[in-house]
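These notes concern the structure reproduced below.
Nothing in this text is a laboratory measurement; each read-out follows from the coordinates by a stated rule. Because the structure is a prediction, the values reported are computed rather than measured. With ideal geometry, Cβ positions are generated from the backbone for all residues, glycine too; neighbour counts draw on all protein chains shown.
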Amino acid sequence: MSRSALEALELPALLDVVGRYVVSPLGEWRLDVLRENPLHENRSEAEKSLAETGEAMEICARAQGADDDDQRTQPPRFQGLRDLRTAIDKLGVEGSVLEAIEIYHLLELLDHADDARQRLARESGRYRHLTEHSGRLADFRRLLSDLSGKLRPNGELLDEASPLLSRIRRQIEQQRNLIQKTLEEFVRHHYEEGVLQEDYVTIRNGRLVVPVKSTWKRRVEGVIHGSSSTGQTTFIEPVESIELNNRIVELLEEEHREIVRILREMTDRLRMERTEISTALHTLADLEIIFAKARFGINFRCSTATFACKGESRLKLHQARHPLLEDVLNREGRRVLPFSLTLKERRRVLLVSGPNAGGKTVILKTIGLLTLMSQAGIPVPAEEAEHPWFHHVLANFGDSQSITESLSTFSAHVEQLKFMMREADDRSLVLIDELGAATDPTEGGAFGVAVVDHFLQRNSFTAVSTHLPELKAYASNRDGVENAAVGFEELTLKPNYVLTIGIPGRSAGLAMAERLGIPEEVIKRARQALGEHAGEAAAFLRRLHEKVAELEAARAELEKKDAAREEESRRFRRRLEGEHAAKISQMQRRTDECIKHFETEMRSAIQKLDDSRESSRIGSEMRRQLSKKRHQLRSNLQEEVGGGGHEPEPVRELQPDEPIPVGSIVRLNSLGAAGKVIQELSPGRWEMQVGQLRLKVSRNNISEILDEAPTPTPRLARGITFQPAEKPIQSLSEIKVIGQTREDARASVDKFLDDAVVAHIARIRVIHGHGMNTLRNVLWRMFASHPHVERYYQAEQSEGGAGATIVEIRL
């Protein structure tokens, strides 16, 4: 792809706009690399790049509507990332030691890398392409744990970097305090004598000194370290503090040696993972560019383009806009008018005509720029975009006159066309602005027809703008060529920038000249010179445009009516949904009332059973009554649904001598639950499966035979489907919550208590494990005030000891 075509179509300017969304020096470096080689070499690379950007756009869009504190929905952080290639190169030199600030910045890089890896790994199933990038990021948590907390942001080592460094710095501080105290005593003693210039202690050449009047410097024993700019003050280190200052110098040298040792140790630790660090640097740079393109795509309302399937050739743009023009107009509070077009196998050439300043050049540049953006992996400002994969984008725009090469405008135009005609093939996009201009119109028209026909024969996708009638006529009569017109308002004589496919445009040069004040006699003479046939052609074009405008108005009216009907349909659906929701709510209230009534009667029946002396005989009778009440409740709910509910559960009361076949589903009196008969152990005794329990039961413990499982299948209203989730089979007397969070454990045990009460289980075991007794303490606090719990206590050693709790249920 030629650099001149990229510049003519303003791809570098587009990359500058994308660059506004780059937030770090590392990203700026990666953007500079992209500027040098912006286009992908092949289709698969571009498709992958667009897919990555599309995933990043989804993440950014989710983040805009999410809480800033919700890290799960936020894109990776890139602020503050530095270009650390030089520091990483130094790691490759054995024996080199990084500066403290370089180490700090590398640790910042690794922290960003680990953050990006973890954020993207959470969505690995959803964002496959971005996960490939995060997969290249090593886990730096161990390295960060070893090296973090030793450096300040300015690169200074903290005292905690090593025990020896901390001890040396404490000694330095103590020594300075001692010198300060000694010199302050010296100042108090000599200031009253008038020897000192001021009563303070300062530092010169790294040593503590006192300011002495230059006229009295002979009276103070010590080492002179300089004088003031006026010469009136001499800074002297008194004899009393020389040894103390010497000790500080020694300690500072020890501190420096320890700092070098620590930095060498940290550098060697980083050097061990130099390859992974270098990979992290380049991966973060790539990710920042991906998310910069994504933020550009969101702000410019872009979509990710697709490339035509192999064997198909189609260039389709729907509601496309030129991003640079949109950027300018947005700042002025104006908007770009989008356009749509389709070029395909048998119609690959588009010829755009219309008035000056009507948008012909913008349309050609939009086609070209959006094609280049797609092949660069950048989302395009269009609702839909599909391109062939082009090997060449050939563009000829503007005045190419060259004084230094003695080329006129037309000569330079022809030179460019010669190059384009030589390079063009069926994988080329050709864009020519004002073909045939800058020469005799008749010859220019004939030349233009020949050039377009050449590209048509080469099977190139071609878009050309022109004012020449020969080219308009050629497009109307030549297969494979499509006319298109940019709009023109008859009353205002101003372009409206609307692109209409299928008809040629009107230049309207005389009409515009008349409107702009050219004398009437000049306009009249020009129309006479135009000729009868040219006038008829102009009139025909005017009538054609009027007819197209009428058709467009009719189409718009139909679309408006369709939209109104769709809105009415939505309102009707919302009303139906509201009525349905109200009925469901009413049914729910009735269901709650029925269940409450049923529970009251159930408790009353159980109380009678507990108070009766003949509990065994009456128990069976009472449970049969409870079964009837249950089925009565189902019948009541069936009536509430009014034919739209579930069928009543098929039940057979157990007759005294009725056999119970193996495989039958029966209801147990003791549990109130359904079970399956596994085998007959002896006359009147069976083995049954209830959930995960295997029980041995007798005939008097079976109240009824169910033809199918007791869970009813509701009959839903028309248009509504229901897919039940699989419910795990679990023990009715034991629950395990080891490994759950405190909130999850509370919720699981609370629901299990409800299930145990419904199943009439008097005693359950909760296995929570030992650990730090966190789960046990949380659950015991819940048991203390739970309405279903009679009492609770630690399990016996044979049942789990301190790792389990026995709960007795209040029935």
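Dividing the mean sequence gap of close Cα pairs (under 8 Å, 6+ apart) by how many residues segment 731-811 holds gives a relative contact order of 34 percent. In a simple Cβ point-charge model (Lys, Arg +1; Asp, Glu -1; nothing else charged), segment 115-187 has a dipole of about 440 debye relative to its Cα centre. Computed on segment 1-134, with alpha-carbon pairs under 8 angstrom and 6+ residues apart, the relative contact order is 25 percent.
For the listed peptides 86-93, 445-452, a ranking on the average number of other beta carbons within 10 Å per residue, highest first, reads 445-452, 86-93. Using the average count of surrounding beta-carbon atoms within 10 Å as a protection proxy, the listed peptides 749-760, 352-363 rank, highest first, as 352-363, 749-760.
Would you please put 738-748, 556-566, 5-15, 245-255 in order of how densely packed they are, using the mean number of other Cβ atoms within 10 angstrom per residue and starting with the highest? Before the final figure, lay out each step's value.
On the way: 738-748: 13.9, 556-566: 10.0, 5-15: 19.4, 245-255: 15.6.
Ranking, from highest mean packing down: 5-15, 245-255, 738-748, 556-566.
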